[in-house]
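Please treat every number below as a calculation from the coordinates, not as lab data. This structure is a prediction, so every number in the text was calculated from the model and none was measured. Cβ coordinates were reconstructed from backbone atoms using ideal geometry, including for glycine residues, and neighbour counts include every protein chain displayed.
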Amino acid sequence: MLHDVKIALQFLTRLPIRTGDPSGMAGIARAAWAFPLAGLVAATAAALVFLLADRIGLPPVLAAILALAASIALTGALHEDGLADLFDALGGHAGRARALEIMRDSRIGTYGTLALLLTLALRAGALAMLATPGRVALVLVGAACLSRSAMVVTMALQHPARSDGLGAAAGRVTPARAALAVAIGSLCLLAAADPAPALAMLAAAAGTLALAIRWTQRRLGGFTGDTLGGTQQLVETACLLAAVASLGAG
């Protein structure tokens, strides 16, 4: 199990983890249950940066931006890159073959740029609305763990969209490992958040994941590494917005 955690951290973060596989691809499907734990690491780093920014007197919006910057630095913008590629490929009316080709283009287009700007603004705005470091930390943990669980569920429910690339190399995840990932993500959320925001975040995560799977299945016929990253970003954004809405209503 410890080896699986190390593989998940090597794959999803920039931490100098050694697993014997420099590419980090061997055993990804087996280790996918540990993806929420990698999210926990990213969320902890972001929460600590928000706390430090708050302690030195920065306003919540700047603290939120710095917290996101810390998370992005730790993950190497892996998920943000996937989001941009996903929207560049599927934002227009490209067919399946063309969309998969666009995903392999290192350049970023209008749809990808807009998707990045909007999700970053929404995430930063949501964290700024939460304001207090304690509340930010708890919501960050829940959103980060749930959104990584969503990646695992996608890998269990969909086939790789092409025969090569990251999606094919990672492979499909067994239902049991996907269920374990969801259980870990949900437990992290329930341990961190009060019942009302926790339920709101769970509902937002499930709804967003269902829409993302339907969208990518219809347009691509399965998942790729980019669709996994894009799904993570969409689910995390939805969770943060749901938490703010729930706490605001309360």
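Just to confirm a number: summing +1 for Lys and Arg and -1 for Asp and Glu over residues other than Gln233 whose beta-carbon lies under 9 angstrom from that of Gln233, what do you get?
Values: positive: Arg123; negative: Glu80, Glu236.
Once positives and negatives cancel, what remains is -1.
In terms of modelled amide H atoms, which long-range or inter-chain residues lie less than 5 Å from the amide H of Val173?
Ala156
What is the mean projected area of the alpha carbon convex hull for the chain, to one decimal in square nanometres? List each step's numbers first, then the result.
Details: hull surface 50.5 nm².
Across all orientations, the chain yields a mean hull projection of 12.6 nm².
So what is the 222 nm mean residue ellipticity for the chain from helices alone, if each DSSP H run of at least 4 adds -39500 (n - 2.57) and you divide by all residues, rounding to the nearest 500 deg cm²/dmol?
Values: 12 runs with 193 residues, N = 250.
Taking each H run of at least 4 residues, the total per residue is -25500 deg cm²/dmol.
Hey, what did the chain get for relative contact order, percent, Cα under 8 Å, at least 6 apart?
Numbers: 413 pairs, mean separation 64.4, N = 250.
Once divided by the residue count of the chain, the mean separation gives 26 percent.
Output the relative contact order of segment 9-68, whole-number percent, from Cα pairs under 8 angstrom with separation of 6+ residues.
On the way: 35 pairs, mean separation 15.8, N = 60.
RCO, segment 9-68: 26 percent.
Taking amide H positions as placed in the peptide plane 1.01 Å from N, state which residues far from Phe223 in sequence (5 or more) or on other chains have amide H under 5 Å from it.
His159, Ala161
Within the chain, which whole H helices from DSSP have a Cα span along their axis of at least 24 Å and a mean Kyte-Doolittle hydropathy of 1.0 or more, if any? Let's see the in-between values first.
Working: long enough: 35-55 (30 Å, 1.66); 110-130 (30 Å, 1.55); 133-157 (36 Å, 1.51); 175-192 (25 Å, 1.76); 195-220 (36 Å, 0.72); 225-249 (36 Å, 0.82).
Taking the DSSP H segments of the chain (at least 24 Å long, mean hydropathy at least 1.0), we get 35-55, 110-130, 133-157, 175-192.
Kindly point out, ordered by number, any Cys in the chain whose beta-carbon has no other cysteine beta-carbon under 4.7 Å away.
Cys239
Express the relative contact order of segment 41-102 as a whole percentage, based on alpha carbon pairs under 8 Å and six or more residues apart in sequence. Can you show the working numbers first?
Details: 37 pairs, mean separation 17.5, N = 62.
Rounded, it is 28 percent for segment 41-102.
Quick one: net charge of Ser147's neighbours, Cβ under 14 Å, K/R +1, D/E -1? Kindly include the intermediate steps, with their values, before the conclusion.
Values: positive: Arg123, Arg148; negative: Glu80, Glu236.
Around Ser147, the charge tally is 0.
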